[in-house]
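The values are calculated or read from the model by the stated rules, or taken from the named source; none is laboratory data. The structure displayed is predicted, hence computed values, not measured ones. Quick reminder, even Gly has a Cβ in these numbers, built from the backbone with ideal geometry, and neighbours come from all protein chains shown. Ligands, DNA and RNA are excluded from the accessible area calculation, which covers all protein heavy atoms including side chains. Shrake-Rupley method; radii C 1.70, N 1.55, O 1.52, S 1.80 Å.
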Amino acid sequence: MQEFKHYPVMLNEAVDALECINSDKLYIDATLGGGGYSELILKRLSPKGRLISFDVDLAAINASNERLKDYKNLTIVNDSYTNIKKYLEQNNIKEINGGIVFDLGASIPQLTSKQRGFSFLSDAKLDMRFNQSSDFSAYDVINDYKEVDLVRIFSEYGEERFSKRIAKKIVEERKTRKIETTKELVNIILEATPRIKSKIHPATRVFQAIRIEVNDELNNVKNTLNEVLTLLSNGAILSLVTFHSLEDRIVKQIFKYYSKEWLGAVGQDLCKAQNDMNMCHAYSGNLTYNKPILELINKKPITASEEEIKNNPPSRSAKLRIARRINK
């Protein structure tokens, strides 16, 4: 079995943001992974402090259970971060009074495992599930999605400029057979795209797009952030690391929205974004007033240092955004 190792990007910066030194508050690690963030949080907490860590990947859970076995104030939950609110309610926990950290990057063991189908560099069954108990995989996307839907996800999630060519070729190929492996898909992509000089492999963007679709990553980020904000008590910190522009754009927009005051007419003129985000309003006459509920700690994202990028090149794309809950 492959050892589960994950390099926690901007480890000190992300955990420093939580202000958890000698704290007796409750903290959440939404994406446990190899346990790097959790371990540093636990080292800093007071004996009365508490950490609850979530991960849907059983390999990550098993690795972190061993790594963190000596910490008594830790609860590890084998579940998606999308179910944080549900778990807290089931355990009669009303609020997160310390903070929460998210590392939205996939781990190296997930991406490089020859059995998981994330990588275009090795041949494996089309899979790409973070949650191995899920019934929906990359196989279903490639073999069942209509051409127009393949074009959409390749374009939106992968920002692939040859989306139409690749989708058309996939649909042509599956008329006579099922596409079952990563190697088959890579060959189709290579046949469908022109040869151009690039440091990026032609399959990179398509594989990213499929992974995002299989795991519903962007909707999960958006929905969970909106839920988590209702759980944070005054002063609690949200520390969040993203790894590609689509995720960071969602985080940036949500942070920006919730950190601003808004005043406008009630009715059809209400900002659609408010309705989408289930924002609470205080009404006065024909006007609605929205108090900001987030204070942005860093208005521009924090990025990895040159030394960290040298030691861990994937950290080059990482962005850390930090906010504090206010006005509750």
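Structure notes:
- The sole residue among Ile189, Ile179 that is touching a helix residue (DSSP H, G or I) at 6+ places or on another chain (Cβ under 6 Å) and assigned to a helix (DSSP H, G or I) is Ile189.
- Residue-level check: of (1) open to solvent by 10 Å² or more (accessible area, probe 1.4 Å); (2) more than 23 Å from Leu218 (Cα to Cα); (3) assigned to a helix (DSSP H, G or I), Arg152 misses just (2).
- Selection of the stretch 192-203 for residues being outside any helix (DSSP H, G or I) and surrounded by 15 or more Cβ atoms within 10 Å (Cβ to Cβ) yields Thr193, Pro202, Ala203.
- Glu66 vs. criteria modelled with pLDDT under 95 and either open to solvent by 40 Å² or more (accessible area, probe 1.4 Å) or under 16 Å from Val241 (Cα atoms) (or both): yes
- When we screen Thr204, Thr182, Thr224 for residues that are in contact with a Phe, Trp or Tyr (Cβ under 8 Å, 6 or more places away or on another chain), under 30 Å from Arg325 (Cα atoms) and β-branched (Val, Ile, Thr), the only hit is Thr224.
- Residue selected from the stretch 293-313 under the condition in a helix (DSSP H, G or I) and either open to solvent by 70 Å² or more (accessible area, probe 1.4 Å) or of a type in the set (Ser, Thr, Tyr) (or both), by the criterion farthest from Ile100 (Cα to Cα): Lys310
- The criterion of at least 3 residues that are under 18 Å from Pro8 (Cβ atoms) and touching a Cys at 6+ places or on another chain (Cβ under 7 Å) is met by none of the helices (runs of 4 or more DSSP H) falling completely within the stretch 33-140.
- Unmet requirement for Asn226, which otherwise passes all of (1) part of a helix (DSSP H, G or I); (2) polar (S, T, N, Q); (3) modelled with pLDDT under 90: (3)
To keep it simple, each residue is scored yes or no on (1) open to solvent by less than 10 Å² (accessible area, probe 1.4 Å); (2) within 22 Å of the chain's Cα centre (by Cα); (3) free of Cβ contacts under 8 Å to residues at least 24 places away in the same chain.
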| site | (1), (2), (3) |
| --- | --- |
| Phe136 | no, yes, no |
| Ile179 | yes, no, no |
| Thr182 | yes, no, no |
| Arg205 | no, yes, no |
| Val221 | yes, yes, no |
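- Test: residue in the stretch 209-219 that is farther than 21 Å from Ser245 by Cα, open to solvent by 40 Å² or more (accessible area, probe 1.4 Å) and assigned to a helix (DSSP H, G or I): no
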